[in-house]
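Comments concern the structure below.
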Amino acid sequence: MDTDWQKAAPGGEGENALEIRTFNGMVEIRDPNNPDGIIVRTTPRKWEAFVLGVKAGEFDHFVE
């Protein structure tokens, strides 16, 4: 099922928050300041692995 764009920030807040949706069986991410461009297009399985990695702290060194 395709979904509408949603803010990736908690509660959907933040003007600079990325937007995410599912479309044609893929997960898409875009910058709301450039709504015509897709930054990332990936499979739901790879997206789930990424989200699990974020939750596990695997990428924390990028923001320290």
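Starting from the range 15-27, keep only residues that are more than 14 Å from residue 2 (Cα to Cα) and in contact (Cβ under 8 Å) with a residue 60 or more places away in the chain, then list their pairs with residues that are basic (Lys, Arg) and surrounded by 15 or more Cβ atoms within 10 Å (Cβ to Cβ) whose Cβ atoms are within a distance under 9 Å, requiring at least 6 positions of separation or different chains.
Close Cβ pairs satisfying both conditions: none exist.
Out of all the residues in the range 23-34, is one or more among the acidic types (Asp, Glu) and surrounded by 10 or more Cβ atoms within 10 Å (Cβ to Cβ)?
Step one: of the range 23-34, the residues among the acidic types (Asp, Glu) are 28, 31.
Next, from what is left, pick out any that are surrounded by 10 or more Cβ atoms within 10 Å (Cβ to Cβ): 28, 31.
The answer is yes; a qualifying residue exists.
Coordinate-derived values only; no laboratory data. Note that the structure is a prediction, hence the values are computed from the model and not measured. Cβ sites come from the backbone with ideal geometry, for glycine too, and all protein chains shown count toward neighbours.
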